[in-house]
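What follows is a set of notes on a single structure, which appears directly below.
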Amino acid sequence: MMHLFVNASAASAGGGVTYVRNLVWQISCRDDIKATVLLPRALRKELSCGGNLTFIERQVPRAAWRFWREQRDIPRLIREARANVLLSAGNFAVWNSPVPQILLSRNALYTSGDFLRDLQRRGDYRLWVDNQFKAMVARKSIQRAECTVAPTMAFAAALQEWSGRNVLSIHHGFDHQWFVNETEPLSARLQAKLASAAGSVRLLFVSHYNYYRNFETLIRALAIVKRQLAPRTVKLILTCTLGSNGSTNSYRTETAASLVGALGLERNIVELGAVPYNLLHHVYKACDIYVTPAYAESFGHPLVEAMASGLPIVASDLPVHREICGEVAAYFPRFSAATLAELICKIVACPEAGGVMRDRGIVRSREFSWRDHVDKLLAVASDLTGTAGSVESALN
């Protein structure tokens, strides 16, 4: 029986947490694999323990300290667990792994020129240096691991060009039944916030605040949509906050918050703050159109969630977005607020077109499967341990 050691110690927010939740759930449903999972203590509280799972909980230190501790501790933990494959789920490899290693690389910022230019424009040189250092470690990690896996073909191609090493592509998955299974209602506070948008055109963007999600372009587009749809009202629903307490990690929200004030959009934005993942389906169902202006992306779980929830999608024109949504979404140049606003208004003006997008999106969302993702990942692991055919044949 294969014993997988999963290093998920960096999973603290966003897509990383979504990935670990679903990976652990799929492994717990199998009887042909065991797994030891190293993860943050806060995330462990959300996960049920199957008989084939062992958890090692850690407080999450700062990135540099975490990397040093991983290099020191994980080889020992792998030997103690008697695992035979290491899955490094956080972009950085264990450089002296005692077993074959699969590196999951999913941070598009390390290859994004737009992100570096954005940091320079904002004068955030501390974050610029931090990103450059992490990018160097991530590139060397790809060279250290026996196999690197990216969540899309588009991002795999970017990583290959950047690192000079072959990178496999395995789409992340989606489980519609599990996503909508939670019957617990939203809190009264969140229900009241969503109710305040009733009767308006409700745009949704699911993301914690960060620069590369390109909030400023979305806010400028909102001002244009507000003018063009008047007297009908429009509301932008966010799963973060832009106020003085809205800064997350290294990203500061002041620029976005100031832009909201300058454009007079305070009453057009509903800030839900973080919503528990198991309750997010309520938020999707309460909205009309999903929008994402991100200028860097490696997969985009909310796109699949939005398609499964029957929302038309307007997305920035990135190769990753086109790979995930295909012809289901409408696309705009990533920094063009005017084109983003135009596409939103077209969908509002033509409900029939929006209905076609909804129907096609629901069908397309079914192409993504966490079970399929784990099957392919285990095929790669089997190949590395010499218990199966080639990786290429396993993924076909």
Segment 190-243, convex hull of Cα, quarter of hull surface, nm² -> 4.0 nm²
So for R0 = 41 Å, FRET eff. of SER196-ARG322 from the Cβ-Cβ r, to 0.05, ends up at 0.75
In nm, the gap between the two label points placed 7 Å beyond Cα toward Cβ at ARG117 and GLN177 is 4.7 nm
Ranked from fewest to most other Cβ atoms within 10 Å of their own Cβ, ASP31, ASP73 fall in the order ASP31, ASP73
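Would you work out if segment 179-365 is rounded, prolate or oblate? Take a ≥ b ≥ c from the square roots of the eigenvalues of the alpha-carbon gyration tensor; rounded if a/c is under 1.5, else prolate when a/b is larger than b/c, oblate otherwise.
Taking the square roots of the gyration eigenvalues as a ≥ b ≥ c, segment 179-365 is rounded.
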For ARG58 and THR385, extending 7 Å from Cα along the Cα-Cβ vector and measuring point to point gives, in nm, a value of 2.2 nm
The Rg/Rh figure for the chain, Cα atoms and Kirkwood Rh, to two decimals is 0.97
Listing ILE324, ILE102 by rising number of other beta-carbon atoms within 10 angstrom, fewest first, gives ILE102, ILE324
Length gained, ASP73-ARG252, 0.36 nm per residue minus C-alpha separation, equals 61.1 nm
Between ALA294 and residues 5 or more places away or on another chain, the pairs with built amide H atoms under 5 Å apart involve SER316
Shape descriptors of segment 143-288 over alpha-carbon atoms, Rg and Dmax in angstrom, are 18.8, 59
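Let me know the shape class of segment 147-225, please: from the alpha-carbon gyration tensor, a ≥ b ≥ c as square roots of the eigenvalues, rounded when a/c is under 1.5, otherwise prolate if a/b is greater than b/c, or oblate. Don't jump to the answer; show the numbers that get you there.
Numbers: a/c = 3.57, a/b = 1.64, b/c = 2.17.
Here segment 147-225 falls in the oblate category.
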Shape call for segment 118-179, from the Cα gyration tensor axes a ≥ b ≥ c (a/c under 1.5 means rounded, otherwise prolate when a/b beats b/c, else oblate), comes out oblate
Restricted to pairs 8 or more residues apart or on different chains, the lysines in the chain with C-alpha atoms under 29 Å apart form a number of pairs equal to 19
With the 8 Å Cα cutoff and a minimum separation of six or more residues, segment 179-365 has a relative contact order in percent of 24 percent
Ordered by fewest other Cβ atoms within 10 Å, a rough proxy for footprinting exposure, CYS240, CYS29 read CYS29, CYS240
For GLU352 and TYR125, extending 7 Å from Cα along the Cα-Cβ vector and measuring point to point gives, in nm, a value of 5.8 nm
Scattering profile of segment 258-383 from the Debye formula, Cα beads only, expressed as log10 I(q)/I(0) at q = 0.20 Å⁻¹, is -1.28
Contact order relative to length for the chain, counting C-alpha pairs under 8 Å separated by 6 or more residues, stands in percent at 15 percent
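Read-outs throughout are calculated quantities, based only on the coordinates presented, and are distinct from any laboratory measurement. Source: prediction; values computed, not measured. We place every Cβ from the backbone using ideal geometry, glycine too, and count neighbours over all the protein chains shown.
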